[in-house]
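Reading through the structure tokens given below for one structure.
Please treat every number below as a calculation from the coordinates, not as lab data. Keep in mind that this is a model prediction, so the values were computed, not measured. Don't worry about glycine lacking a Cβ; one is built from the backbone with ideal geometry, like all the others, and counts go over all protein chains shown.
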Amino acid sequence: MSRPLAVAITGGIGAGKSTTLECFRRHGAATVSSDEIVHHLLATDPDVKRALVERLGEEVLGADDAPDRERIAVRVFKDPEALDFLEKLLHPLVSREYMAWREQLGTLPDPPAVCVTEVPLLFEVGADERFDKVVVITAPTKLREARRGGRKDDRESRLIPDREKVTRADFSYVNTGTPDELDAWVAGVMTTLAGAGPAPKTSRLPRDALSPGRRSST
């Protein structure tokens, strides 16, 4: 059994990880998002539901009696201990589901060459060791806040700085350009992963982010 090359996308909140994941899908990679996996767990795993109700209360259940992501978010937003509980509950399960998905891809008659997922806390939880390659997506703080509707996010203070993530990545991109520019960069990464071309152009990371639309690889 030959499994696909495993690639993780990570980066700050609002940097464009999900958009990048979609670009990889368009260019032939098998993809799954952490959000998809979490949604599946909340909808189908009775142990997850039980743990959430015991720790956070029945207020996190929706009209269908299943855990509701928006209600959970409201409950943990200003409660660091509750957020820590949620992450410790879900991260191992998300990893388990991802690994099962990845191994299943390898059993297909014609398995994909590359599989990609986005992992928001990749370096923070030490999950980078599970992947063959890491892609870091960055953007200036003000732009990321604008993408979130002008809202700041207290979780940012708990994340490893972008500059350090870039030094640990195999590929990095500053997502300040157009969607087409991002898509073209991803196409170049896919070509490199297939061994058919050079790595995307290298750029330096200034104080807050690279210059608009620039790329880097390490």
Tally Lys/Arg at +1 and Asp/Glu at -1 over every other residue whose Cβ is under 14 Å from the Cβ of SER33; what's the total? -1
11 Å beta-carbon shell around TYR98, net charge (K/R +1, D/E -1): -1
Per-q log10 I(q)/I(0), the range 31-99, q = 0.13, 0.16, 0.22, 0.24 Å⁻¹ (Debye; single scatterer per alpha-carbon; no solvent): -0.33, -0.50, -0.95, -1.12
